[in-house]
Structures are given as structure tokens and as C-alpha cells.
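Note sheet for the following structure.
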Amino acid sequence: MAVGNWTVLCDFDGTISVEDVIDSLLVRFGEPGWETLERDWRAGRIGSRECLRGQIRLLQMRREELDAHLAELWIDPAFPAFHAALRAQGIPLRVVSDGLDYAIHSILARFGMDEFDVVANALKPTADPKHWRLESPFSADGCASGTCKCAIARMAREQGRRTLLIGDGVSDFCVA
């Protein structure tokens, strides 16, 4: 099959980024209770979408604090060269994450790399400037993740594309 028939779906947190963005936000800005949601998710009692929605509600930070925090986070130093190699071969890369779209765009933009199609949960402000909510526009029926990577991979296959998934998290298991 020709190289041009491939699509790379790449996770963000801990794959493109050096650390998990949501974890770093929770440690810095999370109210008590986020750890309980994390334990329930890790134990399989709740899905990641439910966990993330609850955790995002427990973040207390203004947009300026969020932006300052995101400005401290880094991407893997090898990622730009990897992306350049894909681009030279005409292979598209989509960032597919169960993380936060705003954070992904913000961090990638700092490195001059915000041209990617990003498929992720949407971080939305509330009426209270210190609180946030989560929307999951890429969820799917029967999938507990906020972003159903299986559905995204299936769409690529239906378009006649072969899919390479790069990821290291629980949300990557179904595709792998």
C-alpha cells in the first residue's frame, strides 16, 4: 500500500507532551476530591469521561493562571522531527486525545505547531471565572472515554486509510 494511505493518530498527554496536562492542573489547581475520582477511574468503577468531568469541575483557576501554567509545559524534543518526517512523506497526523483541546492547542502553538487537527475534549469556562466544565464532542455510545479513539480510527478506515496509533494511555487500549 502506498505511503499516502496512512494516517497517524497520536495521543497528546505523555506522548507528545512530556507530562500529563490534566494531572499537572489537578495537582496545582484541584480542589479536594479529584483524587477520589482518579481512584474510582483507575479501579474501573467509572469511565474516563465521568472522571474528567468531575475533575474539571474541581479545578479553581482563572484563564490567566491556566495560560501561565500551560506556558511551563513542554513537548517531547523529538516530536518536531517526527512530524517533519511524516509531513515529508505526505502522511497526515491527527492529535487524538482524551485530554483538553485548549491545552493541546496552547502548548503546540508555543512550539509553532498548531496546524494539527485536534480531536479532544473541550474545556469551557463557566459563569464563574475560576471554574470550568468539560464537553466531550467526540464521545460515542458504549464508550466510557471522553474521546472515543476507536470511533476516530474507524472513520479513518472507512475513508480507505490505514491507521497508525501512537499512545500510552488507557484511552488508547481499544484501538490498540
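The values are calculated or read from the model by the stated rules, or taken from the named source; none is laboratory data. The model shown is predicted, which means the values in this text are computed figures rather than measured ones. Positions of Cβ are backbone-derived with ideal geometry, glycine not excepted, and every protein chain shown enters the neighbour counts. To get the accessible areas, we keep the full protein, side chains included, count just its heavy atoms, and leave off ligands, DNA and RNA. Shrake-Rupley method; radii C 1.70, N 1.55, O 1.52, S 1.80 Å.
Annotations
- Taking the square roots of 5 times each eigenvalue of the Cα gyration tensor of the chain, largest first, gives ellipsoid semi-axes of 28, 20, 13 Å.
- Solvent-accessible area assigned to carbon and sulfur over the chain amounts to 53 percent, based on a 1.4 Å probe.
- Residue-averaged [θ]222 nm for the chain, counting only DSSP H segments that reach four residues, each worth -39500 (n - 2.57): -11000 deg cm²/dmol
- Annotation for the range 45-131: GluC sites (Glu not before Pro) lying in DSSP loop with at most 14 further Cβ atoms inside 10 Å of their Cβ are E72, E115.
- Residues whose placed amide H lies under 5 Å from that of S136, excluding near-sequence neighbours: A122
- Crossing angle, helix 79-88 versus the chain [Cα axis fit, 0-90 degrees, rounded to tens]: 30 degrees
- Cut-off under 5 Å, modelled amide H: who pairs with R162 long-range: W6, T7
- Among the cysteines of the chain, those whose beta-carbon sits 4.7 Å or more from every other cysteine beta-carbon are C10, C51.
- For the range 7-21, 3J(HN,Hα) per residue [Karplus equation, 6.51 cos²θ - 1.76 cosθ + 1.60, θ = phi - 60°, Hz, x = Gly/Pro]: 10, 9, 9, 10, 4, 10, 5, x, 10, 7, 7, 6, 10, 6, 5
- Counted over the chain, the DSSP beta bridges are approximately 35% antiparallel.
- Neighbour-limited loop hits for GluC sites (Glu not before Pro), the range 1-42 (at most 13 other Cβ within 10 Å; DSSP other than H, G, I, E, B): E19
- Sparse-neighbour loop sites [chymotrypsin sites (Phe, Trp or Tyr not before Pro); the range 121-173; at most 14 other C-beta within 10 Å; DSSP]: F173
- By a 1.4 Å probe calculation restricted to protein chains, L134 has an accessible surface near 20 Å², given to the nearest 10.
- Amide hydrogen proximity for L59: with H placed 1.01 Å from N in the peptide plane, the residues at 5 or more positions away or on another chain lying under 5 Å are E31, W132.
- Point-charge dipole on Cβ atoms (K/R +1, D/E -1) for the chain, about Cα centre, debye to 20: 480 debye
- Entry for the range 106-163 at q = 0.17, 0.25 Å⁻¹: log10 I(q)/I(0) = -0.78, -1.03, Debye formula applied to identical alpha-carbon scatterers, no solvent contribution.
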